Amino acid sequence: MRKLVYYVASTLDGFIAAPDGSYDFLPLEPDVAAHLTAEWPQTFPTFTHAQFGIASPPTGRFDTLLMGRATYDPALKLGVTSPYAHLKQYVFSRSLPPSDDPQVEIVAGDPVALVRELKGQPGGDIWLCGGGQLAGQLLDEVDELVVKLHPTLAGSGIPLADRGFTPTRFTLTETRPFDSGLVMLRYTAGPR
């Protein structure tokens, strides 16, 4: 069965973006970039592949990506309608019109229902790209959580999973520290 993987960058205090949605305070350090381009090349936007020396299309575990409207907006502002053209992209929004791009589907409905449907279909794993509200809605469906934990405190912003107080247990399966101070943490979902 396909897995839903929430792969995301976060501050030490659990924020994935500033209150305005920006994330430039979470830099991509050279030591981390080398690892990510080798191990997670599908998580780079298609238009950055040449810059990072990533083969196109990149190979890896994902063939599908889920993102919220706020995560999709920066690409739209650049005129990019399919930021991850190498993946099937589902954008959750009640206000965007249908996409003309065959790789992008705008979804106004229930994200949990779609994830359950996708998990039942053949294919690679599903990357939950963000943002915090979508992750909050889908946290009970997440099979694996991969956090690029930056050595930064933000104080406020968009939380890793925006939802009410609902403790959800994950099991740590891998830790990878980098000289720049970032630590990659990999977790699997606990019993449900």
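Tabulated data
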read-out	value
Single unsatisfied condition, PRO83 versus (1) closer than 21 Å to LEU160 by Cα; (2) buried (at least 20 other Cβ atoms within 10 Å of the Cβ)	(1)
Residue that is farthest from PRO83 (Cα to Cα) [pool: residues in segment 7-65 that are among the β-branched types (Val, Ile, Thr) and open to solvent by less than 30 Å² (accessible area, probe 1.4 Å)]	THR11
Number of positions in segment 140-158 that are buried (at least 18 other Cβ atoms within 10 Å of the Cβ) and touching a Gly at 6+ places or on another chain (Cβ under 7 Å)	1
Number of the exception - ARG69 against (1) over 12 Å from CYS129 (Cα atoms); (2) crowded, with 16+ Cβ neighbours inside 10 Å; (3) not aliphatic (A, V, I, L, M)	(1)
Within segment 86-137, considering residues that are out of contact with any Ser or Thr (no Cβ under 8 Å at 6 or more places or on another chain) and among the hydroxyl-bearing types (Ser, Thr, Tyr), the one most open to solvent (accessible area, probe 1.4 Å)	SER95
Subset of segment 42-91 [part of a loop (DSSP other than H, G, I, E, B) and hydroxyl-bearing (Ser, Thr, Tyr)]	SER56, THR59, THR81, SER82, TYR84
Residues of segment 159-192 satisfying the condition of being open to solvent by less than 60 Å² (accessible area, probe 1.4 Å) and of a type in the set (A, V, I, L, M, F, W, C)	LEU160, ALA161, PHE170, PHE178, LEU182, VAL183, MET184, LEU185, ALA189
Residue within segment 150-173 that is under 17 Å from the mean Cα position of the chain (by Cα), within 18 Å of ALA34 (Cα to Cα) and either in contact (Cβ under 8 Å) with a residue 12 or more places away in the chain or part of a strand (DSSP E or B) (or both) present	yes
Scope segment 40-60; condition at pLDDT 95 or above and over 24 Å from GLY79 (Cα atoms); matching residues	TRP40
Index of the failed condition, ALA108 passing every other in (1) under 11 Å from TYR6 (Cβ atoms); (2) without any contact (Cβ under 8 Å) to a residue 24 or more places away in the chain	(1)
Long-range neighbours under 9 Å by Cβ, at least six apart or interchain, first residue under 18 Å from ALA135 (Cβ atoms) within segment 14-31, second open to solvent by 70 Å² or more (accessible area, probe 1.4 Å) and not small (Gly, Ala, Ser)	PHE15/LEU153; ILE16/TYR23; ALA17/TYR23; ALA18/ASP24
Residue, farthest from THR171 (Cα to Cα), within segment 115-138, restricted to residues that are touching a residue at least 40 places away in the same chain (Cβ under 8 Å) and assigned to a helix (DSSP H, G or I)	LEU118
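The values are calculated or read from the model by the stated rules, or taken from the named source; none is laboratory data. The model shown is predicted, which means the values in this text are computed figures rather than measured ones. Positions of Cβ are backbone-derived with ideal geometry, glycine not excepted, and every protein chain shown enters the neighbour counts. Surface areas here come from the heavy atoms of the whole protein model, side chains and all, with no ligands, DNA or RNA. Shrake-Rupley method; radii C 1.70, N 1.55, O 1.52, S 1.80 Å.
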